[in-house]
Amino acid sequence: MMGADNMEAKEVIRLEHIGKSYYIGKQEVPVLTDINLVIAKGDFVSIMGPSGAGKSTLMNILGCLDRPTRGSYILNGKEVANQTDDELAYTRNREIGFVFQSFNLLPKLSALDNVILPMIYGNVFRNERVERATKMLEMVGLGNRINHMPAEMSGGQRQRVAIARALVNDPSIIMADEPTGNLDSKSTREVMEIFSHLYSMGKTIILVTHEDDVASYASRHVILSDGHISQDFRGALS
């Protein structure tokens, strides 16, 4: 496999002393405290921890959906912690592909058109959009479902459409937030095997999950506890 065990791999993410707080009136409520994390190109990282540990907050910061209260976030060599909303949106669209628990497909669009959607904002020509979207759907095993609507597909198939959509602009990082949370065990295995294939191809994957069997597909595990990293290790989960 590429990347995961290559200590000379290019660094894609560096978090230094990241903190995130919310305020209730004048009362500061810290959610993340002094997070330091480096992720290399081709790594497959699971982020785990109990409810309330800060997993979703960390994912939102990593995905440029939110900005930290303090600290530095270097993404592909560029500081993004203090970017404006427009700058964050631009960075997010160029660098990151998202896969969510709830799929986030548009119900009135076919699988093909759902996958095409991110390319419309990227000013990709129509013929190329169709070609790339079809190729991605074929890669996730849905070449015979490209004209089906989300309601005509199983949960596992819908999540595979979402993965194809996340990949279609060739982002440097795939971020998956509880991607198997709504799936049965068979669909979970199918979806995680796709992530394993992407990892073997050298894709950088960050996976938030509370399930040990899902996290076991990752090569590295970051455990959050009370807003800080309590463990960061490679290999099998204990």
Could you list all residues from region 6-44 that are open to solvent by 90 Å² or more (accessible area, probe 1.4 Å), in a strand (DSSP E or B) and either among the hydroxyl-bearing types (Ser, Thr, Tyr) or at pLDDT below 95 (or both)?
Tyr22, Tyr23, Ile24, Gln27
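Could you say which residue among Asp170, Asp226 is open to solvent by 50 Å² or more (accessible area, probe 1.4 Å) and under 22 Å from Gly42 (Cα atoms)?
Numbers: Asp226 fails: under 22 Å from Gly42 (Cα atoms).
Just a single option satisfies the conditions, and that option is Asp170.
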Members of region 62-84 that are under 17 Å from the mean Cα position of the chain (by Cα), under 16 Å from Lys20 (Cβ atoms) and not in a loop (DSSP other than H, G, I, E, B):
Leu62, Tyr73
Selected residue (only one of Leu88, Leu58 is crowded, with 17+ Cβ neighbours inside 10 Å, assigned to a helix (DSSP H, G or I), without any contact (Cβ under 8 Å) to a residue 60 or more places away in the chain and not basic (Lys, Arg))
Leu88
Provide a single number: the residues in region 159-206 that are more than 14 Å from Tyr217 (Cβ to Cβ), in a helix (DSSP H, G or I) and of a type in the set (D, E, K, R).
3
Taking the condition under 30 Å from Pro30 (Cα atoms) and out of contact with any Gly (no Cβ under 7 Å at 6 or more places or on another chain), does Leu237 pass?
yes
Take the residues in region 101-112 that are open to solvent by 60 Å² or more (accessible area, probe 1.4 Å) and touching a residue at least 60 places away in the same chain (Cβ under 8 Å); name whichever of them is farthest from Thr209 (Cα to Cα).
Ser102
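The values are calculated or read from the model by the stated rules, or taken from the named source; none is laboratory data. Only a predicted model underlies this, so the values are computations on that prediction, with no experimental measurement involved. When we count neighbours, we look across all protein chains shown, and the Cβ atoms used for this are built from the backbone with ideal geometry, even at glycine. Protein only, heavy atoms only, side chains kept; ligands, DNA and RNA dropped before computing areas. Shrake-Rupley method; radii C 1.70, N 1.55, O 1.52, S 1.80 Å.
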